[in-house]
Amino acid sequence: MNFHHVPVLLQETLEYLKPVPGEIYVDGTLGGGGHSLEILKRIYPSGRLIGIDRDPASIQAASARLIEYSNSFLGIHGNYVDIRNILSELGIITVDGVLLDLGVSSYQLDTPNRGFSYHEDAPLDMRMDTTQDLSAYDLVNGSSQVELSRIIWEYGEERWSKRIAEFIVKNRPIKTTVQLVEVIKKAVPAAARRGGHHPARRTFQALRIAVNQELSLLEEAVRNAVEVLKPGGRLCIISFHSLEDRIVKNIFRSLKEPCTCPPDAPICICKKMPVVDIITRKPVVPKEEEISTNMRARSSKLRVCRKR
């Protein structure tokens, strides 16, 4: 298995997590294990790292990559939204830090038959967890035109969402990524396709997010991750598009300022106390040097909070 993974914002993440020997960490999006490897180097031999991933292939590949640290590493097939239950089953109550590197992994993008890439001909799949039932094929061929339009607009912020949805419905069944790309190209006016991004980029992003419930589970996942942190423990979240980043920013803010009393109330009566401190006032973005060697880092943003 060729599982290539270049971890994004690696040094910045390590600087904020500050892992040291004996501590316990969770990498909730294990992927190829790039971030986990560097964390393990710093907490080994007495520390422990739990790697969670929805993709069984990620668990297999990362476990092989991290074999040198097998006494400190455990890979779990699961969803990071279930972090509390996963740790509870392992007898772990709190941890020193959690990392969530959101979105699709390099391996998933680079494996043609997974159907994530609009550059490769493959079955319409896009499932991060290959054991789940719902695939992109099901959404594309089974959703109503109204629902498709909503998904493409809401999760892809695609201005031509209605027209793309209309063309998809007219050309069903659509079985492969190439067929879908051709339909999208017909739907998007030629003038709108000059320069800029690939015309299918936003639609593929939207379908992937919908198939994997990436945004609908994110708020719960962040709150659950904060719950399992020790006082002083840190949560690092790397996002790759504005929808994810906006959700993370808003949740961090609500955890820092949970008071629901009216602004003109003389005293707080809701008694809701701050849960976290926000460490990064603005998101940390990659340096030009990193972007020049890893173009997939260009849209990444890192936000960090600390448990009170």
message: Modelling each spin label as a point 7 Å along the Cα-to-Cβ direction, I'd like the Glu157/Asn141 distance in nm, to one decimal.
response: 3.2
task: Find the lysine pairs in region 206-308 meeting two conditions, Cα atoms under 14 Å apart and a separation of 8 or more places or different chains, and report how many there are.
output: 8
query: How far, in degrees from 0 to 90, does helix 161-170 lean away from the longest principal axis of the Cα atoms of the chain, to the nearest 10?
result: 50
task: Give the value in nm², to one decimal: projected area of the alpha carbon convex hull of region 117-212, averaged over all directions.
output: 5.5
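By count of other Cβ within 10 Å, fewest leading, how are Thr130, Thr177 ordered?
Details: Thr130 12, Thr177 25.
Placing the least packed residue first, the sequence is Thr130, Thr177.
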- prompt: Out of the DSSP beta bridges found with both residues in the chain, what percent are antiparallel (nearest 5)?
  reply: 40
- line: If R0 = 35 Å, then Lys186 and Met295, at their Cβ-Cβ distance, give a FRET efficiency to the nearest 0.05 of 0.80
query: So which chymotrypsin sites (Phe, Trp or Tyr not before Pro) in region 140-240 end up in coil per DSSP with only 16 or fewer other C-beta atoms within 10 Å?
result: none
message: Sort Asp277, Asp96 by Cβ crowding within 10 Å, fewest neighbours at the top.
response: Asp277, Asp96
field: Rough spin-label spacing in nm, given labels placed 7 Å along Cα→Cβ, for His119 and Glu257
entry: 4.2
query: Quick one: Cα convex hull volume of region 1-93, Å³ per residue?
result: 92
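Laboratory data are not the source of any read-out in this text; all were calculated from the coordinates shown. What you are looking at is a predicted structure, and each value in this text was computed from that prediction instead of being measured. Every residue, glycine among them, receives a Cβ derived from its backbone with ideal geometry; neighbour counts consider all protein chains shown.
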